[in-house]
Structure formats: structure tokens, C-alpha cells
Amino acid sequence: MDDLKMAEERESGRTRDRDAKRASTRATSQGNHGLDGRITQSILPESSHEAAHLIRERRTIRKFVKQSVPEQELTAMLKLAADTVTLEHDKEALRFIIFASEEGKRKAGAAIMAAYSSQGLYRLMPGKVVQAMAERVAQIPLIMAVIIREGADPSFHDRQLAAASAIVQSFTLLAWERKLGLVWNTEPIIGHEALTAGLGLAEDEQLVCLLYIGGYDKLPKGKRRTPAADKWTVLGTLPNKEDES
């Protein structure tokens, strides 16, 4: 009987620990940084908690596992990401190139390393090293190029760039929700002629970024992030919800 009682107490203790952990997780995920940077009770609606959790928890993934991304799933994520953009823009002047096959990824890898090879210390690297690096790029499960068409009107360009960036941001969160990580590459090589020509861009097109996408098995540790409150200036006093009622 004593053994049974002790077993029941241990199980009860484990249950309490699980409940406490879940409550702590909910409190953290539902927390909100106030103007002073402290965690305060969330003012977001219940439907926003999951999105807020994804935004806070997403990490840049640089090491991928060998896991293919189904085309149907990728198409669905891109469509949903595009549907989230309410900014007026020309959808016909925005496109994506997806390199999923071995041949396609080798083509992308060669174009990427051709751009790198003309800059800085990369110019001193032996050809064999550059080729090996291109092969490493080709091992990434999926490579995506985000492209906009340029126009004479600067405001048109700004809208297209903003829309493309918004789509990518939504896509990164949808991918993370499906246990897919990525690198959002906007290094200076993005505008290099060797890269844009190697990827097949037209003369009136601009490469916005490259996305390196794939599954992961190890989650990188989170780094300290600058509080959002450090990035804005409030002129006057923001009204409280109670003041508006």
C-alpha cells in the first residue's frame, strides 16, 4: 500500500509539474513588451497568440537536414503568403524562381559562387575550393529567388519591393510553422551581374533576395534582440484601452 501511495504521489507531482510548465509557456507566449520593455499581460486577441509566438520563436537556420519540400505544400505557402499582402502592387511584376532539382540547384550554386568569386578574398581562392563551395550550396534542399520587375516610377519600385518583402516575411513564418527553416540572403552579391545573369533574370528585373530553405533537427539558441520600444519615438501619450471606452 505504501508503494502504491508513493507511486500515486509521484504521478500527481509530475502532473502538477506539467500543468505548471504549460501555464508558464502560455504566460510567456501571451506576454507583451510594453513601452518600458517589461513583459506585461497581453492585449492581443486570442487568435493572435499563435502568430506572436511564431514571430518571437523563429530562428535563422543554416544547417539543413536532407528533407525534400513537397511542391504542393510550397505552392500553398506561397499563395497564402501572397494573399496576406494588402499593399497595392503589380502581381505580374513579381515572380519567384524555385530551384528544387539537383540540376537546378547546381545552376544556382554556380551562379552564386561566380558572384562571390569576383569579390574580396574569394578572388584568391583556388578553383577547386570555389567548386566545392558551389556543391555545398547545391546540397541545400530548396533555393528560391525572389524577383521584381523594375519601372521608371520610383514609387512603383518601392511598392513592388515592399510587397515582395512582405510576402517573404509571411512565407518565413508559414515555413517555420511547418518545421522548415531558412536563410533570407540579401548580401551585396544579390545585385551582381554574374548572379542575376546566371539565374536568368531579364534586364529590367531586380533580384530582391535568395531564400535557402530546408528542414532542421537542431534549433539554434536565441540571441538577445533589441526591444521594439528602442526603435520608436512616441510624440505625446498613447491612449490606453480604458481611455477609449
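The values are calculated or read from the model by the stated rules, or taken from the named source; none is laboratory data. Quick caveat, the model's predicted, so the values are computed rather than measured. Neighbour counts are summed over all protein chains in view; Cβ atoms, including those assigned to glycine, are modelled from backbone coordinates with ideal geometry. These area figures cover heavy atoms from the full protein model, side chains too; ligands, DNA and RNA do not enter into them. Shrake-Rupley method; radii C 1.70, N 1.55, O 1.52, S 1.80 Å.
In terms of distances greater than 28 angstrom between alpha carbons, the cross-link table entries 66/223; 105/223; 66/128; 63/223; 91/231 yield 105/223; 91/231.
What a 1.4 Å probe finds exposed on region 46-90 is 51% carbon and sulfur by accessible area, rounded to a whole percent.
Note on region 159-239: Cα Rg divided by 2.2 N^0.38 Å, N the number of residues, gives 1.49. The local environment of residue 129, defined by Cβ-Cβ distances under 14 Å, has a net charge of +2 under the rule Lys, Arg +1 and Asp, Glu -1.
Averaged per residue, region 152-245 has 63 square angstrom of accessible surface, using a 1.4 angstrom probe with ligands and nucleic acids left out.
Roughly speaking, to the nearest percent, how much of region 109-169's 1.4 Å accessible area is carbon and sulfur? Of the solvent-accessible surface of region 109-169, carbon and sulfur hold 60 percent.
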